[in-house]
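The values are calculated or read from the model by the stated rules, or taken from the named source; none is laboratory data. The structure presented is a predicted model; accordingly, all values stated were derived computationally and were not measured. Neighbour counts are summed over all protein chains in view; Cβ atoms, including those assigned to glycine, are modelled from backbone coordinates with ideal geometry.
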Amino acid sequence: MNAEDLDLVYAALAQALTRVPAPEIEMFLARLALLLIVASDDPGAVTLAIADAEADLTGA
Amino acid sequence: MTVERLGIVVVGGGPAGYAAALGLAELGVACTLLEQHLTVAAGSRATGISRRTLQLLARSGVTDEVMQIAIPQRGNQAFYRTTELFLDRTPDEPGKYPRVVNLKQDLFEEMIVRAVAAQPLIDLRWGHRVDGLGVEPDGVSLSVNTSGGELALKADWLIVCDGSRSHVRRELGLALQGLRYQTRFIVTDVRARLDLEPGIRRIWFDPPSNPQGTVIMHQQPHDLWRIDFGVPVGEQIGVALSPDAVRARVDAQLQMLGLRSDWDMVWSGDYTASSASLESYRHGRVFFAGDAAHLVPIFGGRGLNSAVEDGFNLAWKLASVIRGGASEALLDTYSLERAEGTRQNLAKAGIGAEVIAAYSPGSRLLRQAAVSLMLDRQPSLKSLLNHRTTDANVYPRSLLDMWAPAGGESHPAERVVGDALVRFGDGRIGYLTEELGAGFTMLEVDEPDAPPAEPLAAEPPPGLGELLGLSLRRLRVSLVHEQNGAGQPGVGRGRYLLRPDRYVMAHRDGEGIDDVLTAVAALAHAPAISSETTT
């Protein structure tokens, strides 16, 4: 993904997170994660991304 | 006090202990089985008997008895609240036995106890509780409590099958390692006439009958239904276990299903999904099997079935060593193989625990997300929620796996003798598993529908009548296509060497199998694999 695509996708995600009611943001992110996992054909990259996302939050 | 000297002592009835005793007896080796209770344990506990277990227990006659009343599992159905997510019916598969049949564990144990009692080589002693033990270089001393007073026994070998709270394990200072999930389940057997498609395993996520929890239903013989209720976080298990509370949950579930007739509660208990294992299943002359060695979450039927697998895996190896056919290195393979089996079982059952038990707020969130997406637009997530039934373990790193000259991968089913329909040398057609003996088998398989194979000589050539101190039978068959045209499970053309527990040690297509026999025979003098296991 190039920088231009990243800008577009990031903005779309930010706008969606603004529209989703605050109590539903967790569910929104969980659904998004599952959809991205299904779309990905690289389990290794997904596993690394899970570890990266967890780092700093649990000390893992 | 007089010390009674015994060869092999099995501590604890239950699937692992009975399987080990039967496996030994089938190979002509005697044992003494000590069970602290006076009857089999009550209640459902395990509900699914796997094809592999049915194959292993066929020789003892247990399988025929099981199949007379057990209910084959025919598929899986899942609901979110009351909305159906999917109904997957199990496709017809070739072979003699279904993949899994439903039968309450206490009924199963009554059947296996009858087979044990009929075996003159098994001395089954009820009401014998092991209170203390001491490990010595030449055996294990046992202090046993009975209604007639204390007994002193000394066993050459001890097989420990005394369950998840193993007293012997504790006495030896050993502990299971692993994660204990937090979600508790109320488990109950109810007798009711329900107008539901037979043999379908049903699961509800967040149903009105158990909000924020899970409900699983398995049909059992005799109009019994096993119902598991996941207890939502925050609810006290003591309160949930009270008879009135269990009845209220059952009432709500049956009402949700539209049941209008009466029902009876036959039994209830509780269960915590657990995942843990000993590091080694052999400690010198002491072996651990079943729940004493490992705990596997119930989802998928890997508890009882892995216990039976343990028992038969150990039995032939111990019989071989006792007969002087192999060095104690063969006993080390028991621990290495079955600990690997536990790792595989935990990996498969773990996803069931994540989805079904959903033991943390995060797990519940993710399951909710998966369910909501399945309802909308992502049927591919179904596999997460679907049932993963128990399957045979594979041991590609075991020194007993000589599948191909250069190693190589294969489907797990190919490592275990399947229920192939074959034509025997005398022209008779039957299932291969019916003709396998208790010892090793040298199997020669011809092309499908080949003319009846000439029987191999009744007398094996010199040096081939026995392997590792156990009998070696030679069997020649040709494959037969079943009426549904499906392929044969786990068997193709070539020569096979089959272990007593029906694992395929080696397969050679178009070549001799002498290299395998030579390698196996070398086990008679093999050094111990792990110094830890010989302490």
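Remarks
- Unmet criterion (only one of (1) on the phi > 0 side of the Ramachandran plot; (2) surrounded by fewer than 18 Cβ atoms within 10 Å (Cβ to Cβ); (3) in contact with a Ser or Thr (Cβ under 9 Å, 6 or more places away or on another chain)) for B:Gly173: (3)
- Strands (runs of 3 or more DSSP E) wholly inside the range B:213-274 that include at least 2 residues being of a type in the set (S, T, N, Q) and modelled with pLDDT of 90 or more: B:214-220
- Near pairs, Cβ below 7 angstrom, 6+ apart or cross-chain, from the range B:162-178 (in the same structural domain as B:Phe287 (by TED's automatic domain parsing) and at pLDDT 95 or above) to any residue that is in a loop (DSSP other than H, G, I, E, B) and not aliphatic (A, V, I, L, M): B:Asp162/B:Gly12; B:Val168/B:Asp162
- Of all residues in the range A:42-54 being away from chain B (no Cβ under 14 Å), closer than 24 Å to B:Met374 by Cα and among the aliphatic types (A, V, I, L, M), the one that is nearest to the chain's Cα centre (by Cα): A:Ala49
- Residues in the range B:374-398 that are within 12 Å of chain A (Cβ to nearest Cβ), of a type outside the set (Ser, Thr, Tyr) and farther than 27 Å from A:Pro23 by Cβ: B:Pro379, B:Lys382.
- Under the condition of being buried (at least 21 other Cβ atoms within 10 Å of the Cβ) and either more than 14 Å from chain A (Cβ to nearest Cβ) or in a loop (DSSP other than H, G, I, E, B) (or both), the residues counted in the range B:360-373 number 0.
- Some residue of the range B:409-426 being at pLDDT below 85 and within 14 Å of another protein chain (Cβ to nearest Cβ): no
- Criterion (surrounded by fewer than 19 Cβ atoms within 10 Å (Cβ to Cβ) and under 26 Å from B:Val266 (Cα atoms)) met by exactly one of B:Pro91, B:Pro72: B:Pro72
- Residues within the range A:1-41 that are within 26 Å of B:Pro379 (Cβ to Cβ) and within 14 Å of chain B (Cβ to nearest Cβ), tallied: 19
- Members of the range B:141-170 that are hydrophobic (A, V, I, L, M, F, W, C) and surrounded by fewer than 20 Cβ atoms within 10 Å (Cβ to Cβ): B:Leu151, B:Ala152
- Within the range B:99-119, the set of residues being touching a Pro at 6+ places or on another chain (Cβ under 6 Å) and surrounded by fewer than 22 Cβ atoms within 10 Å (Cβ to Cβ) is empty.
- Here B:Ala42 passes the criteria (1) under 30 Å from B:Arg165 (Cβ atoms); (2) of a type in the set (A, V, I, L, M, F, W, C); (3) under 16 Å from the mean Cα position of the chain (by Cα) except the one numbered (3).
- Checking B:Glu328 against (1) out of contact with any Ser or Thr (no Cβ under 6 Å at 6 or more places or on another chain); (2) under 21 Å from B:Ala25 (Cβ atoms), the condition it does not meet: (2)
- Elements of type helices (runs of 4 or more DSSP H) contained in the range A:1-57, each with 2 or more residues being in contact (Cβ under 8 Å) with a residue 12 or more places away in the chain and among the acidic types (Asp, Glu): none
- Top-ranked residue of the range B:87-113 - restricted to ones that are more than 11 Å from B:Gln73 (Cα to Cα) and among the aliphatic types (A, V, I, L, M), ranked as nearest to the chain's Cα centre (by Cα): B:Ile112
- Filtered residues of the range B:374-403 (kept if in a helix (DSSP H, G or I), touching a residue at least 24 places away in the same chain (Cβ under 8 Å) and either buried (at least 16 other Cβ atoms within 10 Å of the Cβ) or in the same structural domain as B:Ala307 (by TED's automatic domain parsing) (or both)): B:Met374, B:Leu384, B:Leu385
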